[in-house]
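K.L.:
Just dropping this structure here.
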């Protein structure tokens with residue numbers, strides 16, 4: 001028995017090492033996408049290293065694409081493996097938290113490889129701290145000659161977020177003294193802390209309402225490759241928004257309606273998508289006030305559904321973006337053991353991340369990339385429905401035979 005236990009521990013350690021090596025691989029890969037107009041450091045040794053990585057990303061695109069596909073395969077293999085182990089109680093919470101924390105630390109120092117949004121966040125705050133003006137009425141293009149304009153995208157847009165995002169980011173810009181690299185990493189640290197905080201509240205909520213599913217839910221959210229790439233690498237501001245939403249939900253479940261509403265308004269003050277949670281709070285509040293019971297699972301299901309609706313609305317208004325799934329995955333993690341949540345979450349996360357492959361290979365978003373992206377989105381939805389329906393049918397057949 002002791003030998004079997006030791007063997008299992010060795011296997012888990014090897015699995016952890018493999019996962020963290022993949023995270024390190026992702027960290028290094030991110031620097032293949034450093035914009036050609038951006039020099040992260042004037043240090044001569046770093047410039048040689050940066051050019052080496054950029055050569056792979058920009059001038060050997062087939063190799064770069066192959067690396068990305070390999071990273072995705074490894075991340076999803078480890079993700080599914082850890083979900084299986086968590087479901088079978090073969091891994092403990094401490095082991096998962098080690099992976100989560102080490103991943104967050106490593107990827108805090110990665111480059112935002114798959115999105116330029118982080119640069120816009122930095123410049124929005126810079127308009128306040130350096131130019132002493134409002135990003136609501138001024139855009140990046142108004143400041144011709146600013147060195148950041150050489151590598152930014154979407155310089156023509158005005159500030160599209162809520163005021164609380166400025167409350168969080170202006171101090172970072174101030175502390176960074178408008179030097180790009182320190183400010184860049186401060187913004188990355190904010191994303192990493194938000195990721196850790198969200199994972200913490202996913203764990204705390206499940207521990208409160210259904211402790212046997214705590215580790216599964218934690219893995220479901222925190223080790224999801226889309227969360228890792230969009231939350232930690234690209235550092236989208238959906239992740240701080242979701243942190244405050246999960247914090248709010250935890251407080252709400254502890255029957256503190258006023259504080260939970262305050263926190264959800266802070267979340268809405270970053271980006272407006274979490275406004276869809278308010279109707280669930282209001283409905284639940286009045287049900288409980290009438291001394292009736294509403295189950296936590298029903299609350300989680302309603303929020304998951306409404307956040308999915310917010311993704312649909314955002315996708316119709318513009319186009320679907322992979323990081324939109326950050327809006328729904330933390331809440332789906334609270335009911336992630338249900339196959340009709342579990343299956344679509346994995347498939348949609350995979351197909352969303354596959355959308356970067358055409359750009360990595362071609363270097364632009366021109367034809368036929370939009371068509372490919374459409375079919376990847378449609379294919380992910382169709383496959384999710386098909387596999388979920390097949391599992392539902394199979395379950396019914398098994399139940400019928402047992403009778």
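The values are calculated or read from the model by the stated rules, or taken from the named source; none is laboratory data. Keep in mind it's a predicted model, so treat the numbers as computed, not measured. No Cβ is skipped: glycine too gets one built from the backbone with ideal geometry, and neighbour counts run over all protein chains shown.
K.L.:
In segment 193-206, is there at least one residue being surrounded by fewer than 24 Cβ atoms within 10 Å (Cβ to Cβ), under 27 Å from residue 136 (Cα atoms) and either in contact (Cβ under 8 Å) with a residue 24 or more places away in the chain or under 14 Å from the mean Cα position of the chain (by Cα) (or both)?
P.N.:
yes
K.L.:
What residue, among those in segment 40-50 that are touching a helix residue (DSSP H, G or I) at 6+ places or on another chain (Cβ under 8 Å) and modelled with pLDDT under 90, is farthest from residue 357 (Cα to Cα)?
P.N.:
Among residues in segment 40-50 that are touching a helix residue (DSSP H, G or I) at 6+ places or on another chain (Cβ under 8 Å) and modelled with pLDDT under 90, the one farthest from residue 357 (Cα to Cα) is 41.
K.L.:
Select, from 233, 167, the only residue that is out of contact with any strand residue (DSSP E or B) (no Cβ under 6 Å at 6 or more places or on another chain), in contact (Cβ under 8 Å) with a residue 60 or more places away in the chain and surrounded by fewer than 15 Cβ atoms within 10 Å (Cβ to Cβ).
P.N.:
Details: 233 fails: surrounded by fewer than 15 Cβ atoms within 10 Å (Cβ to Cβ).
The unique qualifying residue is 167.
K.L.:
If you don't mind, there's one more thing I want to ask. Restricting to segment 270-288, name every residue that is surrounded by 14 or more Cβ atoms within 10 Å (Cβ to Cβ), touching a helix residue (DSSP H, G or I) at 6+ places or on another chain (Cβ under 8 Å) and under 16 Å from residue 327 (Cβ atoms).
P.N.:
Residues satisfying the conditions are 270, 271, 273, 274, 275, 276, 277, 278, 280.
K.L.:
May I ask you to say which residue of 257, 265 is surrounded by fewer than 19 Cβ atoms within 10 Å (Cβ to Cβ), farther than 30 Å from residue 68 by Cα and at pLDDT 95 or above?
P.N.:
On the way: 257 fails: at pLDDT 95 or above.
The unique qualifying residue is 265.
K.L.:
Only one of 380, 336 is at pLDDT below 90, surrounded by 15 or more Cβ atoms within 10 Å (Cβ to Cβ) and touching a helix residue (DSSP H, G or I) at 6+ places or on another chain (Cβ under 6 Å); which?
P.N.:
Values: 380 fails: at pLDDT below 90.
That would be 336, the only listed residue that is at pLDDT below 90, surrounded by 15 or more Cβ atoms within 10 Å (Cβ to Cβ) and touching a helix residue (DSSP H, G or I) at 6+ places or on another chain (Cβ under 6 Å).
K.L.:
Sort through 53, 59 and tell me the only one that's modelled with pLDDT of 95 or more, surrounded by fewer than 14 Cβ atoms within 10 Å (Cβ to Cβ) and more than 22 Å from the chain's Cα centre (by Cα). Write out each step before concluding.
P.N.:
Working: 53 fails: surrounded by fewer than 14 Cβ atoms within 10 Å (Cβ to Cβ).
Sole residue among the options that is modelled with pLDDT of 95 or more, surrounded by fewer than 14 Cβ atoms within 10 Å (Cβ to Cβ) and more than 22 Å from the chain's Cα centre (by Cα): 59.
K.L.:
For segment 26-44, name all the residues that are surrounded by 15 or more Cβ atoms within 10 Å (Cβ to Cβ) and touching a residue at least 40 places away in the same chain (Cβ under 8 Å).
P.N.:
Of everything in segment 26-44, those that are surrounded by 15 or more Cβ atoms within 10 Å (Cβ to Cβ) and touching a residue at least 40 places away in the same chain (Cβ under 8 Å) turn out to be 26, 27, 29, 30, 31, 32, 33, 34, 35, 38, 40.
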